[in-house]
Amino acid sequence: MKKNLEKLALEGVAGKWQPMVVLAIIILIFLLPQVGTAQMFSMGDDSPQYVKPQNEVYAGLELMSVSYRGTNSAQPDRGLFSFNGSVIRLGYQSPTVDFSVGKGGPITGINDVSYFDIGGKLNFGIPLYRSKAFEVQLPFRLLSRYTVMNSSNFVQSLFSRFNFGSLAGGIGTKLIVRPTENIRIDLGAVPSYGFAFASGGLFGGSLTSIAGKSRLYFDGLFGNLGLSVGYNYDFRNYDIDDEVYDYRMNGHVVLLGMTF
């Protein structure tokens with residue numbers, strides 16, 4: 001009994017540091033030196049000399065659905081964080097880094113749940129084929145995210161807050177089409193798998209995710225500045241040791257950005 005209490009105490013102390021670890025990973029990803037991919041169309045003597053904008057900032061509205069998928073029907077706190085509503089999302093991305101933050105609550109039409117996440121992705125791409133107007137890549141991704149949900153209807157119990165960090169990796173496909181000098185179409189999808197851990201240190205499990213991207217870029221509209229419009233898809237499936245935290249999230253983001 002004494003050993004179990006000591007184990008729980010140690011897990012609790014360690015758990016307090018887990019959100020800080022996740023944020024540190026995110027910041028590290030964000031600050032890593034940018035890989036020089038500006039020459040993706042300029043390697044070799046026969047390749048066209050085209051340099052695309054390297055950075056993008058964007059803002060969007062995400063239509064998010066969060067549903068409980070646990071099978072423990074006797075759990076009184078099941079489905080506590082389920083909602084359908086909108087989340088405001090802001091982000092920055094470069095050839096190797098994608099950083100975003102999302103916030104939702106009563107101000108965005110979610111009346112019973114407040115939502116917040118912050119995350120970063122580190123991307124590496126292997127070109128499979130490229131020409132002046134067409135490129136196929138094999139992207140590798142490392143991602144970390146910290147997600148918090150609180151319910152205004154919460155029950156005072158051990159499960160009253162969804163508070164999970166995650167670390168995952170994945171590989172997918174990416175297609176870039178450039179029909180004209182100043183227009184680019186960027187399409188891609190990356191499935192990922194990793195682990196999720198609670199800030200309290202008592203629960204953990206796995207996270208399966210799929211991130212999809214479609215973007216239309218208009219480069220050089222205002223000197224070095226350009227515009228982007230697009231859509232992101234964000235799917236997450238949490239499978240936690242205790243089923244009360246088994247949730248599935250679907251996000252559809254419509255966004256507008258500026259490139260430079």
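The values are calculated or read from the model by the stated rules, or taken from the named source; none is laboratory data. These numbers were taken from a predicted model, which means no experiment stands behind them. Cβ atoms come from the backbone with ideal geometry, glycine included; neighbour counts cover every protein chain shown. Protein only, heavy atoms only, side chains kept; ligands, DNA and RNA dropped before computing areas. Shrake-Rupley method; radii C 1.70, N 1.55, O 1.52, S 1.80 Å.
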Considering every residue within the range 65-80, establish whether at least one is modelled with pLDDT of 95 or more and open to solvent by less than 20 Å² (accessible area, probe 1.4 Å). yes
Would you mind finding the one in 105, 125, 165 that is open to solvent by less than 30 Å² (accessible area, probe 1.4 Å) and touching a Lys or Arg at 6+ places or on another chain (Cβ under 8 Å)? 165
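Can you pull out every residue in the range 108-122 that is in a loop (DSSP other than H, G, I, E, B), open to solvent by 30 Å² or more (accessible area, probe 1.4 Å) and not polar (S, T, N, Q)? Write out each step before concluding.
First, pick out the residues of the range 108-122 that are in a loop (DSSP other than H, G, I, E, B): 109-112.
Now narrow it down to the ones that are open to solvent by 30 Å² or more (accessible area, probe 1.4 Å): 109, 111-112.
Correct list: 109, 112.
Can we say residue 137 is out of contact with any helix residue (DSSP H, G or I) (no Cβ under 9 Å at 6 or more places or on another chain) and either at pLDDT 90 or above or under 26 Å from residue 219 (Cβ atoms) (or both)?
yes
For (1) open to solvent by less than 30 Å² (accessible area, probe 1.4 Å); (2) modelled with pLDDT under 95; (3) within 12 Å of the chain's Cα centre (by Cα), each residue gets a yes or a no:
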| site | (1), (2), (3) |
| --- | --- |
| 144 | yes, no, yes |
| 151 | yes, yes, no |
| 181 | no, yes, no |
| 192 | yes, no, yes |
| 204 | yes, yes, no |
| 211 | yes, no, yes |
Scanning for something among the hydrophobic types (A, V, I, L, M, F, W, C) and surrounded by fewer than 16 Cβ atoms within 10 Å (Cβ to Cβ), does the range 92-100 turn up at least one residue? no
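State which residue is farthest from residue 230 (Cα to Cα) when the search covers only the range 75-104 and only residues that are of a type in the set (Phe, Trp, Tyr) and within 18 Å of the chain's Cα centre (by Cα).
The selected residue is 99.
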For the range 131-147, state whether one or more residues are free of Cβ contacts under 8 Å to residues at least 24 places away in the same chain, assigned to a strand (DSSP E or B), of a type in the set (A, V, I, L, M) and closer than 30 Å to residue 180 by Cβ. no
Would you mind telling me which numbered condition in (1) touching a residue at least 24 places away in the same chain (Cβ under 8 Å); (2) over 17 Å from residue 117 (Cα atoms); (3) among the aromatic types (Phe, Trp, Tyr) residue 235 fails? (2)
Within the range 238-260, track down each residue that is open to solvent by 20 Å² or more (accessible area, probe 1.4 Å) and either within 19 Å of residue 67 (Cβ to Cβ) or outside any strand (DSSP E or B) (or both). 239, 241, 242, 243, 248, 250, 252, 260
